[in-house]
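Novice: This structure is in structure tokens; I'll ask about it shortly.
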Amino acid sequence: MATRLTDLFGNTRIITGLLVNLFSSICIVFLNKWIYVHYGFPNMTLTLVHFVVTWLGLFLCQKMDIFAPKTLQPSKIILLALSFCGFVVFTNLSLQNNTIGTYQLAKAMTTPVIIVVQTVYYRKTFSTKIKLTVVPITLGVILNSYYDVRFNLLGIVFATLGVLVTSLYQVWVGAKQHELQVNSMQLLYYQAPMSSAFLLLFVPFFEPLTGEGGIFGPWSLQALGMVLLSGVIAFLVNLSIYWIIGNTSAVTYNMFGHFKFCITLLGGYMLFEDPLSLNQGLGIVCTLVGILAYTHFKLAEQEEGKSRLAQRPNSSPV
């Protein structure tokens, strides 16, 4: 274990990737919250900006030969693109209408929902230990939400929809990557412009185009600069996620995610002065225990699976 840590932290490129992901992931939450609170910028339009900037960033990446695009049939990824729109929009609406703490803990419910979806619809089996970790995660989220002094029904509705659509999106991403034989960046390269087109059609029906709060409203240069910066950071988040997983592992990324989870919670209470009751604190601790237990058991099962494969005798033709 010590050797692995030494190798990890001895690699400057990996450290750089982790720091970029840490900085961008935390910044995108706080920056978006700042944009909603201080400028009132429309949610779906901000999401559209993120999609467009992400696609432009990926376009530059493929021109620089960072990855090779693969031609895909649009009909194969329409539902995926729609779910991509849904999870980002609902997640941002949750951030807009909830405290940072409630927003962040609600995202933790993605893991239990994914387990349920894969068990019911894909007949995937999970060990009893993994299933039991759902209990403290769910209990912690309920405790935090119930005792949040800024609790509002609309925020909880958006958080719930965000979790449901995000879970479906993550399950479908894995299925589509296997079905179409593409990696995450190749898939996102086609998703982003298609999702942008869908949002462009819906924005006029849900958000004003002109006037106060409209897309083409009298926004200050500072507000527009913040929105553009938010788009660039959103691209860095996506790019760094794929880079970290590609150069380390999904487990390393998830373990690193716990650290970001804690910093984001603390930052929300410090920067936005979100109130924190004792029962909310207990909910946060309960959720963290469940998340850490899930990661521990998942890692142990993966190691056990690798050991079984290594011990399996090689079969050779006679």
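The values are calculated or read from the model by the stated rules, or taken from the named source; none is laboratory data. The shown structure was predicted, so the numbers you read here are calculated from the model rather than taken from an experiment. Using ideal geometry, Cβ is built from the backbone for each residue, glycine included, and neighbour counts are taken over all protein chains shown. The protein model used for the area step is the full one, side chains on, heavy atoms only, and it has no ligands, DNA or RNA in it. Shrake-Rupley method; radii C 1.70, N 1.55, O 1.52, S 1.80 Å.
Novice: Please give the solvent-accessible surface of Met109 in Å², to the nearest 10, using a probe radius of 1.4 Å with every protein chain present.
Specialist: For Met109, the solvent-accessible surface is approximately 40 Å².
Novice: Right, something else. Which value, in Å² and to the nearest 10, is the accessible area of Trp55 when all protein chains are kept and the probe is 1.4 Å?
Specialist: Result for Trp55: roughly 80 Å² accessible.
Novice: Leaving ligands and nucleic acids out of the surface, order Arg308, Arg123 by accessible area at 1.4 Å, largest first. Please list the in-between numbers first.
Specialist: On the way: Arg308 150, Arg123 180 Å².
Sorted descending by solvent-accessible area, the residues read Arg123, Arg308.
Novice: Here's a follow-up. Taking just the alpha carbons, could you work out the radius of gyration and Dmax for segment 84-151, both in angstroms?
Specialist: Both quantities, over Cα of segment 84-151: 13.8, 40 Å.
Novice: If I stretch the segment between Gln222 and Glu301 completely, what's the gain in nm (0.36 nm per residue apart, minus their alpha carbon distance), one decimal?
Specialist: 23.5 nm
Novice: Moving on to the next point. For segment 19-146, report the accessible area per residue in Å² (1.4 Å probe, heavy atoms, rounded to an integer).
Specialist: Working: 5870 Å² over 128 residues.
Heavy-atom SASA per residue in segment 19-146 reads 46 Å².
Novice: Ignoring ligands, DNA and RNA, please state the percent of accessible area on segment 164-231 from carbon and sulfur, probe 1.4 Å. Don't skip to the end; give the middle numbers.
Specialist: Details: 2630 of 3720 Å².
In segment 164-231, the share of accessible area belonging to carbon and sulfur is 71 percent.
Novice: Let me ask something additional. Ordering Tyr189, Tyr147 from largest to smallest accessible area (1.4 angstrom probe), what's the sequence?
Specialist: Correct descending sequence by accessible area is Tyr147, Tyr189.
Novice: Using the Karplus curve 6.51 cos²θ - 1.76 cosθ + 1.60 with θ = phi - 60°, work out ³J(HN,Hα) for each residue of segment 205-213 in order, rounded to whole Hz, and write x for Gly and Pro.
Specialist: Computed from phi, the couplings for segment 205-213 are 7, 10, 9, x, 8, 10, x, 4, x Hz.
Novice: While we're here: Give, in nm to one decimal, the length gained when the segment between Ile26 and Asn279 is fully stretched (0.36 nm per residue of separation minus the Cα-Cα distance).
Specialist: Net length gain for the segment: 88.6 nm.
Novice: Is the shape of segment 114-212 best called rounded, prolate or oblate, per the rule: a/c under 1.5 gives rounded, else a/b larger than b/c gives prolate, else oblate, with a ≥ b ≥ c the square roots of the Cα gyration tensor eigenvalues?
Specialist: Numbers: a/c = 3.23, a/b = 1.11, b/c = 2.92.
The shape class here is oblate.
Novice: Kindly flag which residue pairs out of Lys107/Lys260; Lys131/Lys260; Lys124/Lys298; Lys129/Lys298; Lys124/Lys176; Lys70/Lys298 have an alpha-carbon separation exceeding 21 Å in this structure.
Specialist: Correct reply: Lys131/Lys260; Lys70/Lys298.
Novice: Spelling out what I want: for every residue of segment 186-201, take phi, set θ = phi - 60°, compute 6.51 cos²θ - 1.76 cosθ + 1.60 (Karplus), and round to whole Hz; glycine and proline get x.
Specialist: Each residue of segment 186-201 in turn: 5, 5, 5, 4, 8, 5, 4, x, 5, 5, 4, 5, 4, 5, 4, 6 Hz.
Novice: Read phi for every residue in segment 42-58 and hand back ³J(HN,Hα) as whole Hz from Karplus 6.51 cos²θ - 1.76 cosθ + 1.60, θ = phi - 60°, with x for Gly and Pro.
Specialist: x, 5, 5, 5, 4, 4, 4, 4, 4, 4, 5, 5, 4, 5, 4, x, 5
Novice: Using a 7 Å offset from the Cα along the Cα-to-Cβ direction at both Leu153 and Ser75, what is the distance between the two label points in nm, to one decimal?
Specialist: 4.3 nm
Novice: Can you classify segment 1-123 as rounded, prolate or oblate using the Cα gyration tensor, where a ≥ b ≥ c are the square roots of its eigenvalues, rounded means a/c under 1.5, and otherwise it's prolate if a/b beats b/c and oblate if not?
Specialist: Judged from the Cα gyration tensor, segment 1-123 comes out rounded (a/c under 1.5).
Novice: Is segment 13-76 best put as rounded, prolate or oblate by its Cα gyration tensor, with a ≥ b ≥ c the root eigenvalues, rounded for a/c under 1.5, and otherwise prolate when a/b is larger than b/c, oblate when not?
Specialist: oblate
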